[in-house]
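Worksheet: the structure to be examined is printed underneath.
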Amino acid sequence: MRIAINTGGGDAPGLNAAIRAATLAALKRGWEVLGIKNGYGSIYTDEPFITLDEQAVQGITLQGGTILGTANRGNPFEMPYEKEDGEWGTKDVSDQLVNTFKEHEVDALIAIGGDGSMNIASKLIKKGLDIVGVPKTIDNDIYGCDVTLGFDTAISIATEAIDRITTTAESHHRLMVVEVMGRYAGWIALYSGIAASADVVLIPEIPFSYDSIVEKIKEREAKGRHYTMIVVAEGAKEQDGELVTKGKTVGQEVQLGGIADRVANKLSERTGKESRSVVLGHLQRGGSPSTYDRLISLRFGAAAIRCVQEHDFNKLVVLQDNQLKRIPITSIAEKMKSVSLESDTVQTARDIGICLGD
Ligand SMILES: Nc1ncnc2c1ncn2[C@@H]1O[C@H](COP(=O)(O)OP(=O)(O)O)[C@@H](O)[C@H]1O
Ligand SMILES: O=P(O)(O)OC[C@H]1O[C@](O)(COP(=O)(O)O)[C@@H](O)[C@@H]1O
Ligand SMILES: [Mg+2]
């Protein structure tokens, strides 16, 4: 058996642990393991694959990033390229990718990635590739999956950052607005916001009104609490408002960001209080994975190899109700997992007095 492994989309802590577990579990079965560099990037070069042996994955469980490199601009069905007139367009190079797999007699692909990667995988399955998916993203937004690798580390970093920013808010009697990642889902904002005792948490699933936040600030002032901590997801928006974005490059998803600044300015105007905004950005994705992420990544990586061994292809290994399960990749393509407004976590936030902006 010859398998190939790739990592796609944004990097996340735990990717290397998943690569290591998949590689070691495959080598243990006497299989050959190839790595694809930079998403699917190396496929179109003279060296489409590298060899992954024991030495290549030695000591990488605790390393951030991905030893394979990754890409969030390089969908084989919409590959960006520069036209003769200097404009950028996209073209479908998926046949080239499939042919390279066939030429090199690759039996199965372990695709480690998020929703974007699974959408690609789903289309490659329809072109005849045998794929097993491993769910990765700090955003925790993959449908059918209780938790994705990278999420735990991201919320730990965000929680610590919000804790630290709270001391400045309190000392300076300021409004501090902290922007966290998560694209169109509020998992990072909600979990880190609750854990760090934020006063206001704004998530994409609950469009917010400034009136509601101002009321919360005034309530706190009346109690002698002259500072307010506000956590805002990058994808949060005002009721009847628009997403705040930084534009879009051809072949890449729209870049979100800037909502914290907008909220901070507006709240200063409305309350007369001094405010500051902080964007946590890629801090949330970098560095060594938490213990939880190391373990879940190792479990996902090894489970993917058991899938291959059983020829149970075209599945995504997932955690549901604390058990590893397998779900069809095609069943989750084009879907996303949002925060449920009925969840006990949202109820907890409300019960302990966190304003959710509604
Ligand atoms: N292996 C890959 N190689 C190149 N581009 C990829 C790969 N996997 C995903 N992408 C692209 O990255 C973009 C961003 O997707 P994103 O949501 O960040 O990825 P993911 O959800 O897989 O983490 C998508 O447009 C997707 O087409
Ligand atoms: O690093 P980039 O390209 O700016 O991407 C930022 C996006 O990637 C993420 O960090 C992670 O998303 P994916 O795991 O789906 O790639 C999002 O939270 C964020 O919106
Ligand atoms: Mg994604």
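Readers should treat all values here as calculations from the given coordinates under stated rules, not as data from a laboratory. A quick note: this is a predicted structure, and the numbers were derived from the prediction, not measured. Note that we place each Cβ from the backbone using ideal geometry, even for glycine, and neighbour counts take in every protein chain shown.
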Over segment 1-131: Rg over Rh, Cα atoms, Kirkwood Rh: 0.98
Translational diffusion coefficient (Stokes-Einstein; Kirkwood radius from C-alpha pairs) of segment 248-358 at 20 °C, 1.002 mPa s, in µm²/s: 113 µm²/s
Fluctuation leader among 11, 141, 46 - the chain, Gaussian network, Cα springs under 10 angstrom: 46
Helix axis angle, 259-271 relative to the chain longest principal axis, alpha carbon, degrees: 10 degrees
Peptide ranges 241-250, 193-202 listed from the most packed, as the mean C-beta count within 10 angstrom indicates: 193-202, 241-250
For the chain: span of alpha carbons on each principal axis (Å, largest first): 70, 51, 33
Whole-number D in µm²/s for segment 136-247 (Stokes-Einstein; Kirkwood sum over Cα pairs; 4 °C, 1.567 mPa s): 89 µm²/s
Cα-based shape type of segment 29-78, given that a ≥ b ≥ c are square roots of the gyration tensor eigenvalues and the cut on a/c is 1.5: oblate
Estimated dipole of segment 266-339 in Debye, rounded to 20 [Cβ of Lys and Arg +1, of Asp and Glu -1, Cα centre]: 180 debye
FRET E, pair residue 90, residue 171, Förster distance 45 Å, beta-carbon r, rounded to 0.05: 0.35
Net charge of Cβ neighbours under 14 Å - reference residue 166; Lys, Arg +1; Asp, Glu -1: +1
Cα-derived Rg over Rh, computed across segment 1-54 with Rh taken as Kirkwood radius: 0.97
Charge sum, other residues only, whose C-beta stays under 11 Å from residue 109's C-beta, Lys/Arg counted +1 and Asp/Glu -1: -1
Kirkwood-Stokes translational diffusion coefficient of segment 52-97, alpha-carbon pairs, 4 °C, 1.567 mPa s, µm²/s: 96 µm²/s
Where labels lie 7 Å past Cα in the beta-carbon direction, separation of residue 53 and residue 82 in nm: 3.9 nm
Check: the chain dipole with +1 on Lys, Arg Cβ and -1 on Asp, Glu Cβ, in debye: 540 debye
Equivalent ellipsoid semi-axes, segment 262-304, via Cα gyration tensor eigenvalues times 5, rooted, Å: 41, 10, 8
222 nm mean residue ellipticity, helices alone, for the chain (DSSP H n ≥ 4; -39,500 (n - 2.57); rounded to 500): -11000 deg cm²/dmol
For a label point 7 Å along the Cα-to-beta-carbon line of residue 209, residues of segment 224-239 with backbone N under 17 Å: 237-239
Zone residues, segment 26-66, relative to residue 102, backbone N less than 19 Å from point 7 Å out along Cα-to-Cβ: 43-45, 48-49
